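These notes concern the structure reproduced below.
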Amino acid sequence: MSTDKRITLQQAAEIIKDGSSLTFSGFTIWRRPMAIVFELIRQHRKHLHLIEVNGGSHTEFLAGAGCLDIWESCWVGHELYGKYGANISRKVADKQIIVEDYSHAEMMFRFAAAASGAPYAVTQTSLGTDIHNPEYDMLGRAGLRDGKRIAKHKYQFTEDPFFGAGSQVLIPAAKVDIAVLCVQQVGEEGTVRVNGQYYSDPEVARAADITIVMAEEIVPEEYLRRNADQNTIVSFEVNHILECPFGAHPTGMFGRYDVDGAFLKDFYGRTRTQEGFDEFANEWIHGQNHLNYLEKLGFQRMLKLKANSAMNYSPREKKGGK
């Protein structure tokens with residue numbers, strides 16, 4: 001008999017201790033585990049080291065709340081609902097967050113290396129750019145490259161010894177303590193099924209020491225085995241599971257609900273200052289739990305976002321435009 005992996009939303013956040021390195025599922029404004037992000041903010045988590053292929057709304061919330069010390073990625077923003085990460089930008093300007101910049105491809109290669117157990121990846125990506133300027137090795141300049149959880153070097157150059165393909169860049173594997181995934185379905189034993197694009201989810205699940213999966217619904221493993229080819233991550237790669245409907249809001253969940261663009265635009269517009277962020281967080285995060293949050297959103301708003309099961313998006317939400 002398998003061990004029960006079910007935990008609560010509060011317990012999921014408690015697993016992520018101060019100073020943890022972590023990563024998330026999804027892409028920009030899709031399938032981000034926002035309910036756990038909000039719970040981390042409620043629990044006043046500090047000194048987190050976030051390593052991710054790309055940032056999004058979750059990054060902005062954690063930065064604004066003062067949860068992050070280090071962010072390693074390539075980009076952050078809310079797509080057409082907020083072109084850049086205003087909270088990250090403010091915190092970097094105030095020297096409260098260290099940003100280590102890699103290209104998008106390099107970040108994906110770093111997680112692929114960690115997922116396969118390799119210490120580094122080899123690529124020609126970004127050769128000749130300032131990403132490889134030693135002046136911009138921010139973790140090195142801060143004296144944090146200890147060769148343990150943080151690599152001794154940001155990158156190293158070598159020559160291809162096999163085919164004479166020229167200069168290559170060695171980039172360190174993205175080793176993280178915890179990966180937090182937000183998906184449509186997880187089995188009772190931890191099998192994950194992602195509908196739509198699964199992005200870097202399989203790699204981050206394997207790269208992390210602990211993987212937490214928050215799903216719209218927990219389903220019988222027998223159901224997932226009927227069409228096992230549709231499953232995304234095997235159960236033994238998952239340590240903890242929890243059920244949390246609308247857990248990705250205000251980001252979207254393919255086939256379940258759309259991105260709440262109005263919410264993100266409001267967040268982006270109101271949080272250019274720390275005072276604005278604090279006001280927004282007091283309104284939407286602090287002093288409540290996930291159910292209170294959904295009650296505040298209201299049934300009409302959630303119904304408007306709810307996807308049509310045939311089209312996988314909401315026909316009630318206007319698409320395109322500004």
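A few points about this structure:
- If you filter region 91-143 down to residues that are β-branched (Val, Ile, Thr) and in contact with a Leu (Cβ under 8 Å, 6 or more places away or on another chain), you find that the one that is nearest to ASP278 (Cα to Cα) is ILE97.
- Hey, ALA215 under 18 Å from the mean Cα position of the chain (by Cα) and closer than 22 Å to GLY117 by Cα or not: no
- The residues of region 160-187 that are more than 25 Å from ALA307 (Cα to Cα), modelled with pLDDT of 95 or more and not small (Gly, Ala, Ser), listed by number, are ASP160, PRO161, PHE162, PHE163, GLN168, VAL169, LEU170, ILE171, PRO172, VAL176, ASP177, ILE178.
- Candidates ILE285, ILE233 - the one that is of a type in the set (A, V, I, L, M, F, W, C), farther than 19 Å from ILE29 by Cβ and in contact with a helix residue (DSSP H, G or I) (Cβ under 8 Å, 6 or more places away or on another chain): ILE233
- The single residue among PHE236, PHE246, PHE263 that is aromatic (Phe, Trp, Tyr) and either assigned to a strand (DSSP E or B) or over 30 Å from THR3 (Cβ atoms) (or both) turns out to be PHE263.
- Any hit, region 117-132, residues being acidic (Asp, Glu) and buried (at least 16 other Cβ atoms within 10 Å of the Cβ): no
- Of all residues in region 119-171, exactly one satisfies the criterion of being of a type in the set (Asp, Glu) and touching a residue at least 12 places away in the same chain (Cβ under 8 Å), namely ASP137.
- Checking each residue in region 175-201 for being within 27 Å of LEU48 (Cα to Cα) and either in a strand (DSSP E or B) or without any contact (Cβ under 8 Å) to a residue 60 or more places away in the chain (or both) picks out VAL176, ASP177, ILE178, ALA179, VAL180, LEU181, CYS182, VAL183, GLN184, VAL186, VAL192, TYR198.
- Flag if ARG32 is touching a Lys or Arg at 6+ places or on another chain (Cβ under 9 Å), in a loop (DSSP other than H, G, I, E, B) and crowded, with 17+ Cβ neighbours inside 10 Å: no
Per-residue answers, yes or no, for (1) surrounded by fewer than 16 Cβ atoms within 10 Å (Cβ to Cβ); (2) in contact with an Asp or Glu (Cβ under 6 Å, 6 or more places away or on another chain):
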site: ILE233; (1), (2): no, no
site: VAL238; (1), (2): no, no
site: PRO250; (1), (2): no, yes
site: PHE254; (1), (2): no, no
site: ASP278; (1), (2): yes, no
site: ASN292; (1), (2): yes, no
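- Close Cβ contacts (under 8 Å, 6 or more residues apart or on different chains) running from residues in region 4-27 that are in contact (Cβ under 8 Å) with a residue 60 or more places away in the chain and surrounded by 13 or more Cβ atoms within 10 Å (Cβ to Cβ) to residues that are among the aromatic types (Phe, Trp, Tyr) and not in a loop (DSSP other than H, G, I, E, B) comprise THR23/PHE111.
- Residue match in region 98-108 (condition: in a loop (DSSP other than H, G, I, E, B) and of a type outside the set (A, V, I, L, M)): yes
- Answer residue from region 148-159, given it is under 25 Å from the mean Cα position of the chain (by Cα) and modelled with pLDDT of 95 or more and is surrounded by the fewest Cβ atoms within 10 Å (Cβ to Cβ) among those: LYS152
The values are calculated or read from the model by the stated rules, or taken from the named source; none is laboratory data. Small disclaimer: the values here were computed from a predicted structure and weren't measured. As a convention, Cβ positions derive from the backbone with ideal geometry for all residues, glycine included, and neighbour counts pool all protein chains shown.
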